[in-house]
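Asker: The structure is given below, and queries will be raised subsequently.
The values are calculated or read from the model by the stated rules, or taken from the named source; none is laboratory data. Keep in mind it's a predicted model, so treat the numbers as computed, not measured. Ideal geometry is used to build each Cβ from the backbone, glycine not excepted, and the neighbour counts take in all protein chains shown. Note: areas computed on protein heavy atoms with side chains; ligands, DNA, RNA excluded. Shrake-Rupley method; radii C 1.70, N 1.55, O 1.52, S 1.80 Å.
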Amino acid sequence: MTFQLLLIAPPVLHGHGWWSNREAGKPHLDSLAGFVSDLCGVAQLELDRGGDLDEALSRLDEALQDDTRLVGISCWTSLHYLGTVAIIEHLRRVRPELPIVVGGHHATGMPSDFEGLADWVVTGDGEHPLRSLCADPPRRPPRTIVLAGNPLALGGHDHIDWPNYGRSDHGGAVWIALSRGCPYRCRFCIEPLRGSRTSRYSVADALRIIETVYRARSPRSIAFADPLFGAHRSWTEELLAGLEELGLPVQYWAETRADLMTPALLARFRRCNFKLDFGLDTGSETMAGLMEKAPDPARYLRKSAEMLRAADAEDLHHGVYLLFNYPGETPETAAETRAYVQDLMPRGGPASGWLSAQTFFVLPGTESYRRLPEYARRFGTRVDHPTWWREVGDHHQLATAMLPHEAWVGREAELAGFNRWQRGVNARWTARWSPEVRRFSAAFYGSDEPA
Ligand code: B12
């Protein structure tokens, strides 16, 4: 008996100034929908692109059909948690018989947050557990069940309906995930919880997918949602060679690590019209060690600086992401990071980068979350709202209310000093941008400077 599965991206209720409605592609929902579309009808409802809760609940009521027999809610980030709870409470009022399954990175990091709320909580990749639930119209179990999703092996039989994939009505960007997993273990990221197994489409499949999506949607840009694009050198080189040959009039975006690059690879990325965002995160060896960015922090920073300078020399538009105030950060290590960035661009040299620095916030399921007691003992780290996502209030303020090290006692006001500093850096960097980089950025962001 066919039935309908309703997949929901719940509202972000307290993410003002943090959650951007613009960068909220849903490759995860498209993958889940594609994986069960032979078993049941699938409808998707995006409620995290603006609007208040009342609007979201009335859109939900409109989306509920008589044959809706399962609701899947994507608590993709912890910012989605209270929205997820509000949606579940509403469904329990209007359709108490309806089974509800919750998944996403917050569910993976803190499945207990949905105990007694959802019928199933899926941790990790959701395709296989969701398929097991959609085999038959499920009934509500007596208590909440946690289902562990194994990492999905991409490639082989492809479950996604690429000719009808995605939605390019949002600023012309389509999000595609060509690979899953990441071999690194950065402690502020949830990916290590998924295990180190990675998988990716073959280059031939990846090129077929990109061309199909481009022909179907003619997006302005294609953004790769891969946790670490370019983790596999030969795959990346082959893919870029294929993209160069395809020559689609589209801009590409991906996030990766500078220490994985080579000058030749950076040149290929530029020829393929890429903007790359580099997760550098720190310029301090001490902090690179504490964040577990790489087994050899000194080599990591040396190689990253070399490649970031090569990206400037190549005139490749790129972002450099920094994370200040990770537990253990002191005024000295923060100064090391600023000095490191200062040295990146020699006086009078070319520049094509944009610096994006933010302050640390705790996320459930990450190694940093697990080590908070240790950090408190070692550094006097204090996190004022360790479960900020459950609180009503400005989530960015709550999530970032912390003291990374006792050395900042009495100097708390300096913890946000990086904001003014990065504006100065970006003013110097953008003053050196070539007309090509300016044009690229304006086309990519639809404005003169990156958001
Ligand atoms: C690409 C990416 C981005 C892109 C945006 C991508 C997009 N879709 O719009 C950018 C760079 C813009 C971004 C920004 C942010 N991101 Co981000 N991002 C990612 C990344 C790398 C994507 C992974 C991805 O798409 N994989 C491919 C898809 C197909 O799989 P998936 O997302 O893993 O989903 C699977 C499961 O979660 C599960 N699942 C998901 N939903 C559901 C629902 C049901 C019912 C079921 C059963 C299963 C299920 O099944 C899915 C398929 O297997 C992740 C993960 C990572 N390793 O770092 C972080 C990640 C999701 N981001 C995160 C965060 C916090 C943010 C920011 C808030 C950070 C910030 N700057 O402040 C912003 C907010 C964005 C915004 N809109 O404002 C965190 C969320 C953790 C948390 N607990 O909140 C992650 C996990 C990274 C981390 N630090 O650990 N992000």
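Asker: If packing is taken as the average number of other Cβ atoms within 10 Å across a peptide's residues, how do 368-381, 229-242 rank, most packed first?
Answerer: 229-242, 368-381
Asker: Here is a follow-up. Angle, helix 203-217 long axis vs. longest principal axis of the chain, Cα atoms, 0 to 90°, nearest 10?
Answerer: Roughly 70 degrees between the two axes.
Asker: Heavy-atom accessible area per residue, the chain, 1.4 Å probe: how many Å²?
Answerer: 42 Å²
Asker: Another one. For S356 and R95 in one chain, what is 0.36 nm times their gap in residues minus the Cα-Cα distance, to one decimal in nm?
Answerer: Values: separation 261, 0.36 × 261 = 93.96 nm, distance 4.40 nm.
Residue separation times 0.36 nm, minus the Cα-Cα distance, leaves 89.6 nm.
Asker: Hey, any idea what % of the chain's accessible area is carbon plus sulfur with a 1.4 Å probe?
Answerer: Roughly 51 percent of what the probe reaches on the chain is carbon or sulfur.
Asker: By per-residue mean of other Cβ atoms within 10 Å, what is the highest-first order of 382-388, 395-401?
Answerer: Going from most to least packed, we get 395-401, 382-388.
Asker: Rounded to the nearest 20 Debye, what is the dipole magnitude of the chain about its Cα centre when Lys and Arg each give +1 and Asp and Glu each give -1 at the C-beta? Mind dumping the intermediate values first?
Answerer: On the way: 49 positive and 57 negative charges, 149 e Å.
Using only the charged Cβ atoms, the result is roughly 720 debye.
Asker: Could you work out Rg/(2.2 N^0.38 Å) for the chain, with Rg from alpha carbons only?
Answerer: 0.99
Asker: Please say if the range 4-148 is rounded, prolate or oblate, where rounded means a/c under 1.5 for a ≥ b ≥ c the square roots of the C-alpha gyration tensor eigenvalues, and otherwise the choice is prolate for a/b larger than b/c and oblate otherwise? Present the calculation step by step, with values, prior to reporting the outcome.
Answerer: On the way: a/c = 1.35, a/b = 1.28, b/c = 1.05.
It comes out rounded by the Cα gyration axes.
Asker: Let me ask something additional. How many percent of DSSP beta bridges within the chain run antiparallel, rounded to 5? The partial results should precede the final answer.
Answerer: Working: 4 of 50 bridges.
Restricted to the chain, the bridges split so that about 10 percent are antiparallel.
Asker: Measure out, as a whole number of angstrom, how far apart the alpha-carbon centroids of the range 96-132 and the range 38-90 sit.
Answerer: A separation of 14 Å, based on Cα centres.
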